[in-house]
Every structure is written in structure tokens, then in C-alpha cells.
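Written out below as C-alpha cells is the structure these notes cover.
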Amino acid sequence: MSALDIFAGPLPEFERPPVIEVAVGLEFLPLDALNTVELVRLHDRWSADFPEIRLQPELPSASQMAFQIPMVFGTGVPPVRLWSLTPDENLLIQVQADRIFFNWRYTVGDTSYPRYSALEEQFARRWEQLLSHLSDLASPAPQVTVAEVTYVNRIDLIDSSDPADILTFIRDEPFLWPLQAMRVQRDSVFPEETGWVGSLVLRAGNVEPKVLNLDVVTRVSLTEGAQSPSSVMEALEFAHQVGVRSFAAATTQRMHKVWGRRV
């Protein structure tokens, strides 16, 4: 089977997907211009739609090794991550010195997932505003290193089913007692035939009774020569395609019926 076979046919579509959060964003080389003061000024550009503001600790670069011990020098103000939120807090912009992300999060009262196309459009607008802000500061344009799309799913274990009834990449083995709790991660890199460099991570676990969490994280690497607006958005679209198709491949036909798969 070719690595490109997964892209054959239309993109899978579900009427009632179990997704509770989606994050669309870019990571880039750190910019000195995006300090705390400028992040707050940047918030002013979109405060009409995202009036709530919070400061969070800066996230480490995903390229840093997990076992690396952080070292702190000096006594200045630590770098921060700025959150800009809608009043109901289900839409969120996250910005720090080396990344920008747009998140949709399920909140009580939501009727449905707004779909990726709407989130991508929102992200593109905020990305353009960030670029405009940096231009006003006479700052160099960001050099994008990674385009990422993450889906967070919350799946109810119906009819006393266990995770093996939902996921295709785990199976029970003889002489094992019924599964009560699970935490598994499957990491893959893109095959060369795709024409892209990047990775796919599937993380599954059930930390509360009758609920399975499934995260699908797709990261596409971008080179210095692929920095045009079209290249960046193409990378995000590829990450979206991989994430949706991989979710469909990683879950069972039984659950597809529950979620109302249309395509």
C-alpha cells in the first residue's frame, strides 16, 4: 500500500464528531519584538472580538527535549504567553515570542463544532494582524518552523464498551484481564512520498470512568525557503488533512456510525 493511499477519496466527515477542542497554529523562531508589552499591545488589535485577556507562563519549544532541565538566569520578568478570549471563552488566541495558535474549545451550551474551515479563516486573520504588528515595529518577519493542527476528542464508552471497541491500533491479547485504564501514544513520521516532513502523534487514555480521550497532533516542518503565505497555509491544510484522515483510520466503523459518518 502506498503512503498516499490514505489521501484517496473525499475527506471523512461526521455529523457529531467527539471533538472538544481544536488548535490551529504556527511555531517560529523567537522574536525579541514579542515581549510582554508588545503582546499586550497586540491584544488591542483584536480586543473587540476577544476582550478577555490573561497572561500565562510561556510554553517551551516543542523541539526541546523532554528531559532537558530548564535553567534560569537573571532576575528579569520571565517571558509570557498571552491569551485573548471571547466572553464565553470558547475561542482563544495564544501568542508568545515563538508561536501563535487559535483554539476552539467546547463550552456548555455549544450546539456544534464550528468546523475546521471557520477556524482556519479566523487563524489566517489573526496571523495577518500579527504580521502587520511586527511590520509596524520594524521587526523581521517571523521564520515559521512548524505548522500544527491538534484535535482533542472526548469519547464516551457506550454500552459498557472498552477502548478496544473504539480504537483500531490497540487489541486485547489472550490471558489479559479486561482493560480498566490505558495510556498509549503512537508516533509516526510522514513517509517521503507525501512530499512533506513532519510527524503524527496519536495519544489515547481513559482517566475517568466510561470516557476515552484521544488527541490527534499533526506537525508539519517548514524550511527557510517555504515562508510565503501560501506555503504556510498549505502546510496547515496538509496537517488538517492528515489529522482528520488519521482519526478516521484510528477509530472503528462501529463508532463511525455513532458519530454519524457521512463520507
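The values are calculated or read from the model by the stated rules, or taken from the named source; none is laboratory data. On a predicted model such as this, the values are computed, not experimentally measured, just so you know. So basically every Cβ, Gly included, is an ideal-geometry build from the backbone, and we count neighbours across all protein chains shown.
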- Every listed condition ((1) within 17 Å of Tyr151 (Cβ to Cβ); (2) loosely packed, with under 12 Cβ neighbours inside 10 Å) holds for Glu208 save (1)
- Which of (1) buried (at least 20 other Cβ atoms within 10 Å of the Cβ); (2) not in a helix (DSSP H, G or I) does Phe123 not meet, given it meets every other one? (2)
- Which residue pairs have Cβ atoms under 7 Å apart, sit 6 or more places apart or on different chains, and have a first residue in segment 117-132 that is outside the structural domain of Val149 (by TED's automatic domain parsing) and a second that is surrounded by fewer than 18 Cβ atoms within 10 Å (Cβ to Cβ) and part of a helix (DSSP H, G or I)? Ala124/Met233; Arg126/Trp46; Gln129/Arg45; Gln129/Trp46
- Task: Would you check if Thr223 is under 26 Å from Arg125 (Cα atoms) and either modelled with pLDDT under 95 or in contact with a Phe, Trp or Tyr (Cβ under 6 Å, 6 or more places away or on another chain) (or both)?
- Result: yes
- Note on the structure: Reported set for segment 84-120 where residues are buried (at least 19 other Cβ atoms within 10 Å of the Cβ), among the aromatic types (Phe, Trp, Tyr) and outside any helix (DSSP H, G or I) is Phe101, Phe102, Trp104, Tyr113
- Query: So, in segment 89-137, of the ones that are of a type in the set (Lys, Arg) and under 14 Å from the mean Cα position of the chain (by Cα), which residue ends up nearest to Trp46 (Cα to Cα)?
  - Reply: Arg99
- Pairing a residue in segment 228-253 that is more than 15 Å from Val22 (Cα to Cα) with any residue that is basic (Lys, Arg) and surrounded by fewer than 20 Cβ atoms within 10 Å (Cβ to Cβ), where Cβ atoms lie under 9 Å and the two sit 6 or more apart in sequence or on different chains, gives Ala248/Arg261; Ala250/Arg186; Gln253/Arg261
- Message: Criterion first (part of a loop (DSSP other than H, G, I, E, B) and modelled with pLDDT of 90 or more) does Pro174 satisfy it?
- Response: no
- Message: I'd like to verify a number: residues in segment 229-252 that are over 28 Å from Glu15 (Cβ atoms) and in contact with a helix residue (DSSP H, G or I) (Cβ under 9 Å, 6 or more places away or on another chain), how many?
- Response: 2
